[in-house]
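Peer 1: Okay, here's the structure, questions in a sec.
The values are calculated or read from the model by the stated rules, or taken from the named source; none is laboratory data. As the structure is a computational prediction, the values presented were derived from the model and not from experiment. Neighbour counts run over all protein chains shown; Cβ positions are idealised from the backbone, glycine included.
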Amino acid sequence: MSTGTNGRVTVISGGTDGMGRALALARLARGDRVVAIGSNPDKGRTLPDGITFLRADLTSIAETRRVIATVRERWPVVDALALFANRPTPQRVSTVDGLEATFALYYLSRHLLGHGLRDALDRAPTPVIVNVAGVGITKGAIQWDDLQLRRRYRMITAQLQAGRANDLLGVDFATTSGARARYVLYHPGFTRSGDLSPLPAPLRAVIRVAAKVAARPVEASVRPVVDWIDAPPAAPLTAVDRGRSVPLDLPTLDPAAAARLATVTAELLEATGPGTDGTP
């Protein structure tokens, strides 16, 4: 198996499980130098030689900034950034920064990684960011008056809000960052992927039964991501929902809402101070 003969560097958040791990293995087989970011060292040790595991708790702003700084130092040129990290939590969990954990991991870490690695991506010949979330889904909304869901937390509400936030993240990055990287929002659909351990046992059982009947194999869901890294789309922003192009005038991709979320996010990050990685 190749260990980086083509010179391309692919960085993957959530790279030790499910689709993230499948992408890591696929890109390694194509000769990439692969960097997999994850929180579980035991899972990191199961990755084959040729994949560099970086341990980080991406629910923490400081930890995310630390791993960004590590990537920037060790790999000054990054060709692709693939964003998978997510962990549904049945009960509201508060992070070390006082944020709701789904918001912190599923949205904020992706914001930080994309902006923090922008310079490294800009040095690549054909850079691309692939954000794997739920583009095309219109359910859920940004809870502008309760972004951290302190008043009424539901797991589905948190997941849908973070999904819609990632939609807006892609819009804002593509239209205002000035980055060279193409941005792809991708919804693979129901896939046999991900860590179900945080969920209650009855719900895990239901999901596993449903997955046997209706879920796509992880290799099929990750295949478009493999291809986008080889040949990024020409447009600054591309949105694909289960193999179908998503019109960029969808209400969930509203540029005004994207600008609003970017402002709110910048204000939130400003309170934590600037990072050494170049993020706000």
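Peer 1: Picking from P251, P236, which residue would you name as being closer than 22 Å to A181 by Cβ and at pLDDT 85 or above?
Peer 2: P236
Peer 1: Please go through the range 145-181 and give me each residue that is under 22 Å from G114 (Cβ atoms), assigned to a loop (DSSP other than H, G, I, E, B) and in contact (Cβ under 8 Å) with a residue 60 or more places away in the chain, ordered by number.
Peer 2: L147, S177, A179, A181
Peer 1: Also, I was wondering about something else. For the condition surrounded by fewer than 23 Cβ atoms within 10 Å (Cβ to Cβ) and at pLDDT below 95, what is the one hit in P88, P125?
Peer 2: The match here is P88.
Peer 1: Taking the options G38, G50, G114, name whichever one is in contact with a helix residue (DSSP H, G or I) (Cβ under 9 Å, 6 or more places away or on another chain), of a type outside the set (F, W, Y), over 16 Å from D17 (Cβ atoms) and surrounded by 19 or more Cβ atoms within 10 Å (Cβ to Cβ).
Peer 2: Just one listed residue meets the conditions, G114.
Peer 1: For the range 71-116, give me each residue that is of a type in the set (S, T, Y) and in contact with a Leu (Cβ under 6 Å, 6 or more places away or on another chain).
Peer 2: If the condition is that a residue be of a type in the set (S, T, Y) and in contact with a Leu (Cβ under 6 Å, 6 or more places away or on another chain), then S109 is the only one that fits.
Peer 1: Would you tally the residues in the range 251-269 being touching a residue at least 12 places away in the same chain (Cβ under 8 Å), closer than 15 Å to A174 by Cα and of a type in the set (A, V, I, L, M)?
Peer 2: Total meeting the criteria: 6.
Peer 1: Taking the range 33-50, which residues are among the acidic types (D, E) and in contact (Cβ under 8 Å) with a residue 12 or more places away in the chain?
Peer 2: Answer for the range 33-50, where residues must be among the acidic types (D, E) and in contact (Cβ under 8 Å) with a residue 12 or more places away in the chain: just D49.
Peer 1: Moving on to the next point. Name every residue in the range 25-50 that is under 21 Å from A69 (Cβ atoms) and aliphatic (A, V, I, L, M), in order of residue number.
Peer 2: Scanning the range 25-50 gives V34, V35, A36, I37.
Peer 1: If you go through the range 260-280, how many residues are exposed (fewer than 15 other Cβ atoms within 10 Å of the Cβ) and at pLDDT 95 or above?
Peer 2: Selection size over the range 260-280: 4.
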